[in-house]
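Can you keep this structure in mind? I'll have questions shortly.
The values are calculated or read from the model by the stated rules, or taken from the named source; none is laboratory data. In this text, all values refer to a predicted model and were calculated from it rather than measured experimentally. Don't worry about glycine lacking a Cβ; one is built from the backbone with ideal geometry, like all the others, and counts go over all protein chains shown.
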C-alpha cells in the first residue's frame, strides 16, 4: 500500500526503496494524520514563496513538470522570491529524487557549488 501511495504521484516507473517503506511504517497512524493536518495548516497560513522570501537566501526550486499532486504551473509563484532559481524536470512527477535522481542530483550539486 505504501509503495502504491508513492508511485501514484510519480509520472515515471520508480523503485521505492525498502528503507523509505520501513521508515513510513514506523510512523503511527495518529502521528501520520497529525503530520498531514499540520502540513496543510502550515501551507495555508503562509505560502512557501512568502516564507522563502523572508529568509533572503539563495533558493533552488525543483518541480516535476508532470506532477499530479502539485500543479507545476504554480512554480510562477516563486518569481517573487529574490535569489530563487526554478527548474522544471520534464516527464517527472511529485518525487524528482526518485524519478530522476541523476538530474535532481546534478541540479543540487550545481546549485551548491555556485551558492545560487
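Which of (1) more than 15 Å from the chain's Cα centre (by Cα); (2) more than 17 Å from residue 109 (Cα to Cα); (3) touching a residue at least 40 places away in the same chain (Cβ under 8 Å) is the odd one out, the single condition residue 58 does not satisfy?
Answer for residue 58: the failing condition is (2).
Take the range 9-62 and flag every residue that is surrounded by 12 or more Cβ atoms within 10 Å (Cβ to Cβ), over 23 Å from residue 89 (Cα atoms) and modelled with pLDDT of 95 or more.
34
Looking only at the range 12-42, how many residues end up being in contact (Cβ under 8 Å) with a residue 12 or more places away in the chain and more than 18 Å from the chain's Cα centre (by Cα)?
The qualifying residues number 1.
With the condition kept exactly as written, say whether any residue in the range 83-97 is out of contact with any strand residue (DSSP E or B) (no Cβ under 7 Å at 6 or more places or on another chain) and surrounded by 17 or more Cβ atoms within 10 Å (Cβ to Cβ).
Taking every residue of the range 83-97 in turn, at least one turns out to be out of contact with any strand residue (DSSP E or B) (no Cβ under 7 Å at 6 or more places or on another chain) and surrounded by 17 or more Cβ atoms within 10 Å (Cβ to Cβ).
Please enumerate the residues belonging to the range 63-82 that are in contact (Cβ under 8 Å) with a residue 24 or more places away in the chain, under 19 Å from residue 9 (Cα atoms) and surrounded by fewer than 19 Cβ atoms within 10 Å (Cβ to Cβ).
Those that are in contact (Cβ under 8 Å) with a residue 24 or more places away in the chain, under 19 Å from residue 9 (Cα atoms) and surrounded by fewer than 19 Cβ atoms within 10 Å (Cβ to Cβ): 65, 66, 68, 69, 70.
Considering each of 104, 80 in turn, give the residue that is closer than 30 Å to residue 3 by Cβ and either modelled with pLDDT of 95 or more or more than 15 Å from the chain's Cα centre (by Cα) (or both).
The match here is 104.
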